[in-house]
Amino acid sequence: MDLKKIAAISGKPGLFKVVKPTRSGVIVESLDEKKRKVVVGATSRMSVLKEVSIYTTDEEGSVPLADVILKIYNDYKLDVGLDSKASSNELMSFLKDIVPNYDEEKVYVSDVKKLVSWYNIIVKYTPETLEELANGVHDEDTEETGEEEVAKEEAKVAEKEAKPAAKKTSAKAKKDQEETKETPKKKPAAKKTAAKKTSKTAEKSDASKETAKKGETKTAAKKKATKTKASEKDA
């Protein structure tokens, strides 16, 4: 197991194996006999061991925890000869042996207690991690960091959740298109009706004009007949 899959959680003792991310956080499993699985929320402080380092006084300013654990393994193998309950002098002397240039102002006894405790847990529950470190199985240049892997898994979860929503939207759009196709077009019918009304109105108008002309013709004929009779009387 790579150190990017092992994490420490603030407020919780021991170490945890990172299982997978969820919508509300990350599922982890305790590295002990119980192997309890819990969900660590986004507000909880979780430190992946791959990202942890120890302060030093050199130009780098710190040394990766992975390098420190590898040094302990090379020097002490699977037994460091002490635990987190050792005296402060024993713990600081142990760290001095492993990291001679550690920063005494920034590294505390509590930090060394965690280091010893974490190493003993790894030895007991995932010793293959130490062998992999020694054999260079997990090269930093080719392996993703713990944070990158978690981010990648979260992206996969988000993508899976987005697909059903996209399918629903697509189905709804398709249904709307089908309903639009099935709906009869009323506008052309309205145009035809309007055209018929216009045609009838035009016919009525023409008939009215013709009637008016006939009336004018009759009136003119009557006037002419009246004038003719008047002329005959005068004669």
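In this structure, does residue 35 turn out to be out of contact with any helix residue (DSSP H, G or I) (no Cβ under 7 Å at 6 or more places or on another chain), over 20 Å from residue 112 (Cα atoms) and either at pLDDT 95 or above or assigned to a loop (DSSP other than H, G, I, E, B) (or both)?
Against the criterion (out of contact with any helix residue (DSSP H, G or I) (no Cβ under 7 Å at 6 or more places or on another chain), over 20 Å from residue 112 (Cα atoms) and either at pLDDT 95 or above or assigned to a loop (DSSP other than H, G, I, E, B) (or both)), residue 35 qualifies.
Being touching a residue at least 60 places away in the same chain (Cβ under 8 Å), surrounded by fewer than 16 Cβ atoms within 10 Å (Cβ to Cβ), out of contact with any Pro (no Cβ under 9 Å at 6 or more places or on another chain) and not assigned by TED's automatic domain parsing to the domain that holds residue 127 is a condition met by no residue of the range 54-74.
Selection of the range 1-32 for residues being of a type in the set (Ser, Thr, Tyr) and modelled with pLDDT of 95 or more yields only 30.
For the range 7-43, the candidate set comprises residues that are surrounded by fewer than 14 Cβ atoms within 10 Å (Cβ to Cβ) and either assigned by TED's automatic domain parsing to the domain that holds residue 123 or of a type in the set (S, T, N, Q) (or both); within that set, the residue that is nearest to residue 103 (Cα to Cα) is 10.
The values are calculated or read from the model by the stated rules, or taken from the named source; none is laboratory data. Just so it is clear, the model here is predicted, and its values are computed rather than measured. So basically every Cβ, Gly included, is an ideal-geometry build from the backbone, and we count neighbours across all protein chains shown.
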